[in-house]
Amino acid sequence: MLTETPLSAIESRLRYLLPAELYAAMWVNPSVDMMLAVHKHLRTLHHILQDYTSPRISINKPRPGDVKTEWQYGSMMFTDLAGFTRLMEANSVKGREGAADLLKPLTKYFSSMIAVISKSGGDLVEFTGDALLVVFPKTEKNDDTLRAVRAGLRMQRAMREFLEIETPSGVVNLKMRIGIHTGRFLTADIGTPRRMEHVLLGSDVHQAKLTESAGVNERVNLSHAAYERVSSHFHFEDGKPGYHLVDDDLTEDELGEYEITPLGRRMASSVLLTREKDEVVEQITSLLSSIEPMASYIPASVLSLLVESAADRKIPADFPRPTVMFVNFIGLPESADRAQPGEETKLALGFSRIFSLINAAVESRGGVLKKVTYHLSGSDIVIYFGVPTAHTNDETRAASAAIAIRDLIMNFDAPVIGGAQPEIHCLIGIHSGPTFVAEIGDPRGRREYNVLGDTVNTTARLMSSAQKNQIVISDCVRNAIEANYECRSLGEVSLKGKNAPMHLYELEGQKRNLP
């Protein structure tokens, strides 16, 4: 039986937020000094989680488990980085030393972009690999598109620093594509108290993604809706049909000063100046109440990594070989635009239910549901097996999870939205290979634990090549699972961004009559 201590009443809340060694020591030596050590750790973790979450979460702190929706208006910016795969391959030959070398220019890049975004009043909603999603909220000045375009031009100018990067394999150039669209979108906080996710829904989100896809490197591309808002402020040339490329012919004076629009001030956790037990417990409890809402937006295994590494405040970069899964969830996210007043919560509750079931299917097999992100249609669910914890059979775990997810979605009873029940289906891709894993972003600010590289991009291509409710896998995944799973050849398939066709397979199900 554990000894009763002043912290016994909040033990269950501390259990997953303390390093194992500190948690164990807390019960062996329940002194004031040990309680102060608990407070110090939580204070550090609080700072880390503030940096790991969007200001919309870290400042507003939604209550874990509460499904909340809100229609918002503004301009959305998507970015995409070209050249990273070559940079990664050039450094990967040096192992962890190469990973550290690769992280330096990447950190400089993200820090530079994040600084521009922040000073322009943008909200960095998420990192997806080397891509960014930024929201410029509509304000009373109605200048969100103007701020977004100016930020985009500044970001492209800052990219000049990342040309001709020296690597062990020669010079690599990094270039960026930016797309901006103005419209409305439904924000929703979905999930359970232990695993929440913040999502953006609606056709304008997809249009923003399309605008980035239709752009070109080193330019800022606008949808027609965004163009109409700022056509008198800049010169343009036609891009692809329906899109407009901004001409950066402005002087620094014409570009103007930053219009800083703070999203809110992050509250610093207090330094403890007392040794009175009751006051220490009160301060620890208060810290927990600030930490728990943010912690619920971090996948369990990533949160454990942050908790255990909090004292070092650094996670070493590496080149692991995980198994990556992309699930394109189609039907429900797009129904946001059909929602009648009051139906937004019903839609979010439906999404919350299927998200929670999928997360359970992934976590029960040792995987990580990293995030729900945005695709040209529906929502993409990004899943990893093998990071941050590797297993000898990650491909098998991924295959089992993919079948469970497909069956969950096929049998999901979607809510009626706008007088009709949306048709729900999915496209799934699985691939294994080398990746770069690190804390991506500003080391002293907004950042995330992330997985990057061609393996991630190829997995997304596999997903996009799938048919309705089909699981498409690469040859290396097929080789790892074929003893236990039925895999049907799809032949040689040409994928965007690949020099040669890939031999792909459909994962049909587990083999029957296995011993």
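In Å and from the alpha-carbon atoms only, list the Rg and Dmax of region 64-255.
17.8, 52
Could you calculate the FRET efficiency of ASN469 with ARG184 from 1/(1 + (r/R0)^6), where r is the beta carbon distance between them and R0 is 45 Å, rounded to 0.05?
With a Förster radius of 45 Å, E is 0.90.
Can you give the Rg and Dmax of region 323-510 based on its C-alpha atoms, in angstrom?
Values for region 323-510 (Cα only, Rg and Dmax): 16.9, 51 Å.
Give me the extension gain from ASP318 to ARG96: residue separation times 0.36 nm, minus the current Cα-Cα distance, reported in nm with one decimal.
Net length gain for the segment: 79.4 nm.
Please list, ordered by chain and number, the residues whose modelled amide H lies under 5 Å from the amide H of TYR449; skip anything fewer than 5 residues away on the same chain.
For TYR449, whose amide H was placed from the backbone, the distant partners under 5 Å are ILE440.
What does a probe at GLU4 reach in region 24-63, counting residues whose amide N is under 13 Å from the point 7 Å along Cα→Cβ?
none
Would you list SER120, SER289 from fewest to most Cβ contacts within 10 Å?
SER289, SER120
Multiply the residue gap between LYS240 and ARG444 by 0.36 nm, knock off their C-alpha separation, and tell me the result in nm, one decimal place.
Separation in residues times 0.36 nm, less the Cα-Cα distance, equals 69.6 nm.
Compute the whole-percent fraction of alpha carbon pairs in region 436-488 spaced more than 17 Å apart.
The answer is 56 percent, as a whole percent.
With just the Cα atoms of region 341-430, tell me how far they stretch along each of the three principal axes, in Å, largest first.
The principal-axis extents, from largest down, are 49, 24, 21 Å.
Sequence-distant or interchain residues sharing an amide H contact under 5 Å with LEU490, placed H: which?
Result for LEU490 returns LEU504, TYR505, GLU506.
Would you calculate the separation in nanometres between label points at CYS476 and LEU36, each defined as 7 Å from the Cα along the Cα-to-beta-carbon direction?
Distance between the two pseudo-spin positions: 5.1 nm.
What relative contact order, as a whole-number percentage, does the chain give when Cα pairs under 8 Å and 6 or more residues apart are counted?
Across the chain, relative contact order equals 17 percent.
What percentages make up the Cα-Cα pair-distance distribution of region 78-158 when the bins are 10 Å wide from 0?
Per 10 Å bin, starting at 0, the Cα pair percentages come out as 16, 43, 26, 11, 3, 0.
Using 0.36 nm per residue, how much length does the chain from ARG488 to VAL416 gain when fully extended, once their Cα-Cα distance is taken away?
Gain on stretching ARG488 to VAL416: 22.4 nm.
Return the lysines within reach of LYS61: Cα separation strictly under 28 angstrom, same-chain partners fewer than 8 residues apart disregarded; answer none if there are no such residues.
LYS40, LYS119, LYS138, LYS141, LYS209, LYS277, LYS314, LYS346, LYS370, LYS371
Arrange CYS476, CYS487, CYS426 by Cβ neighbour counts within 10 Å, fewest through most, would you?
Least crowded to most crowded, the residues run CYS476, CYS487, CYS426.
Using Cα pairs closer than 8 Å and at least 6 residues apart in sequence, work out the relative contact order for region 117-196, in percent.
17 percent
Cα-Cα pairs above 15 Å in region 4-52: how many percent?
Here the long-distance tail beyond 15 Å is 42 percent of all Cα pairs in region 4-52.
Straight-line reach from LYS175: which lysines have Cα under 16 Å away, leaving out those fewer than 8 places along the same chain?
Once the sequence-local lysines are set aside, what remains near LYS175 is LYS108.
Between region 322-344 and region 345-375, what's the alpha-carbon centroid distance in Å?
Cα centroid to Cα centroid, the span is 11 Å.
Taking the mean number of other Cβ atoms within 10 Å as a proxy for protection, how do you rank 97-110, 153-166 from highest to lowest?
Ranking, from highest mean packing down: 97-110, 153-166.
Could you derive backbone 3J(HN,Hα) for region 65-73 from the dihedral phi with the Karplus parameters 6.51, -1.76 and 1.60 (θ = phi - 60°), listing whole Hz in sequence and x where the residue is Gly or Pro?
Computed from phi, the couplings for region 65-73 are x, 7, 8, 10, 10, 7, 7, 10, 10 Hz.
For every helix of n ≥ 4 consecutive DSSP H residues, a contribution of -39,500 (n - 2.57) applies; sum these over the chain, divide by its total residues, and give [θ] at 222 nm rounded to the nearest 500 deg cm²/dmol.
For the chain, the value works out to -11500 deg cm²/dmol.
What share of the DSSP beta bridges in region 323-510 is antiparallel, in percent to the nearest 5?
90 percent
Over the C-alpha atoms of region 381-473, what are the Rg and the largest Cα-to-Cα span, Dmax, in Å?
That works out to 16.3, 48 Å for Rg and Dmax.
Give me the percent of Cα-Cα pairs in the chain that sit more than 45 Å apart, rounded to a whole number.
14 percent
Taking the Cα centre of each part, how many Å lie between region 420-482 and region 59-118?
Spelled out, the Cα-based centre of one part sits 17 Å from the other.
No value in this document is a laboratory result; all are computed from the given coordinates. Owing to the predicted nature of the structure, the values given are computational and were not obtained by experimental measurement. When we count neighbours, we look across all protein chains shown, and the Cβ atoms used for this are built from the backbone with ideal geometry, even at glycine.
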